[in-house]
1. Suppose R0 equals 45 Å; then what is the FRET efficiency for Leu291 and Thr109 from their Cβ-Cβ distance, rounded to the nearest 0.05?
2. For Lys415, list the lysines whose Cα falls under 21 Å from its own Cα; do not include residues on the same chain fewer than 8 positions away.
3. Which value, in Å³ per residue, describes the convex hull spanned by the Cα atoms of the chain?
4. Just tell me which lysines come within less than 29 Å, Cα to Cα, of Lys170; anything on the same chain fewer than 8 places away is out.
5. With viscosity set to 1.567 mPa s and temperature to 4 °C, compute the Stokes-Einstein D of the range 397-455, Rh being the Kirkwood radius across alpha carbon pairs; µm²/s, no decimals.
6. Once phi is turned into θ = phi - 60°, what whole-Hz ³J(HN,Hα) does the Karplus curve with 6.51, -1.76 and 1.60 give for every residue of the range 357-368, x standing for Gly and Pro?
7. Based on the alpha carbon coordinates of the range 324-450, what radius of gyration and maximum Cα-Cα distance (Dmax) apply, in Å?
8. I'd like the distance separating the alpha-carbon centroids of the range 209-266 and the range 425-448, in whole Å.
Amino acid sequence: MQATNANPVYGYERLESLTRWESDWAGLRVVVAGLGISGFSAADTLIELGARVVVVDGNDNEVTRGKADTLAIVGSAGSVLGPDAMEALPLVDGQPAELVVTSPGLAPTIGILADAVGQKIQIWGDVELAWRLRERQGRTLAPWLCITGTNGKTTTVGMTESILQTAGHKAIAVGNVGTPILDALRDPVDYDFFTVELSSFQLHWTYSMSPLASVVLNVAEDHVDWHQGYANYLADKARIYENTQVACIFNANQQEIVQMVEEADVVEGARAIGFWADTPGLSMVGVIDGLLVDRAFLDDRRNQALELAEVADTGQLPTRHTVENALAAAALARAAGISPEEVKAGLLNYQPGAHRIQLVANTHGVLWVNDSKATNPHAANASLSSFTPVIWVAGGLSKGVTYDELVAEHKDRLKAVVVIGTDTAALISALAKQAPAVPVYNMTESPLLADARDGRAVMGLAVAKAHELSAQNDTVLMAPAAASMDQFVSYADRGNAFIDAVADLVNQINS
């Protein structure tokens, strides 16, 4: 890795000086683009600091109007709502903006952001703003442990938070995980650590962040349209390693991530720490004989390894995917000075969120597993790799991805496929080409279904069909490898529909 002792300098003179809460934010003309959770938090914070803020959102509805009205009460300089609002950058108090703070979901090509680039006005995300506000008089300067990856981010952030809290630290999971970082900075609690989940969107607009430790869990093609190509997506993911202070933690299975670490500009002395669910080499964490072990954060790492936890400590259904997440969380915690004993205790205390390789039931010798959060093929690959034989419940909005590689890799473990969703052509085509001997049942075409968009009805039919096909030692895995919005409100709604349908089935079996 290359090294640097100082953060690069960005932007104009006044913006360069805005590096702490007490900096001179008063009167700064800011446009906040997007009034979602992070956008509202950014606008509210900047108004509190005395900036002149105009908020812009492409939706003009009761929700956005309510948020704009709330911000007006606390002192915003105005709002612009509706589809045309996102076409060009508005003035602030009759003058051009000095800064744009964008919500992470807005693509760089959208009119308002392209206009800012054309006017040479800096664009920050909420993460960049939060980093510049983290230092505040009388408050603990909490180090950041930063996590990104195509899949597994939320689990790893939660595991890291649990380890730190179990070790007695005041730690909070923030960022893309749900709580905006700015809200945590304004919280009266004096936190010791932030565990920060970062999407590729957030990283795109982040420049000066300097994490204590950082990790890229994995990468696969995702959001390629937003980033205008996979190479740009990788480049934005790689931003997480810039200016890392202690440890750049990387998935040693993926050469793209190894290259990110090799090319990163880091603080002098930062180390590269690899992880994988196999025997670890020097300066790695890995697995030996069912134990998670550390050969990185000890003096005699050539001849010794420290036991961190057992594979069984990583979850109700330990899989390679969850073990790797646990190893990444353990490495982040070890970089922060947490003992091996505290790592183990923290993993045992971790309560995983729903809908990610979640055991729903075990009936007549059949495991029923909910992995509704597997919204793309890369995520579904993790759970498919963990069970055999599998009755696979899959399908939904494909978002333009292909399934041939996924099906080809797992065709020998598939007993049958039960298809849900309304955008199934790519999945069914891949199954026909790559696994022609595997039976496929398309529930959306069932004559028992009155409306193909009725997700609950479709899921009920899918569970009934899976039960009909199942035998002892099978796993029924609902890992759609697709988005949910064609038949459900969200992946959580889809997962709950599966859980409810399985519960109804179990009640019928036991009655």
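The values are calculated or read from the model by the stated rules, or taken from the named source; none is laboratory data. These numbers were taken from a predicted model, which means no experiment stands behind them. Glycine gets a Cβ as well: all are built from the backbone with ideal geometry, and neighbour counts include every protein chain shown. Note: accessible area is taken over every heavy atom of the protein model, side chains too, but ligands, DNA and RNA are not part of it. Shrake-Rupley method; radii C 1.70, N 1.55, O 1.52, S 1.80 Å.
1. Numbers: r = 48 Å, r/R0 = 1.07.
So the FRET efficiency works out to roughly 0.40.
2. Cross-link targets: Lys433, Lys465.
3. Spread over its residues, the Cα hull of the chain gives 164 Å³ apiece.
4. Lys153, Lys237, Lys344, Lys373
5. Estimated via Stokes-Einstein, D reaches 107 µm²/s.
6. 3J(HN,Hα) across the range 357-368, in whole Hz: 6, 9, 6, 9, 6, 9, 10, 6, x, 10, 7, 10.
7. My reading of the Cα-based Rg and Dmax gives 18.1, 60 Å.
8. Here the answer is 36 Å between Cα centres.
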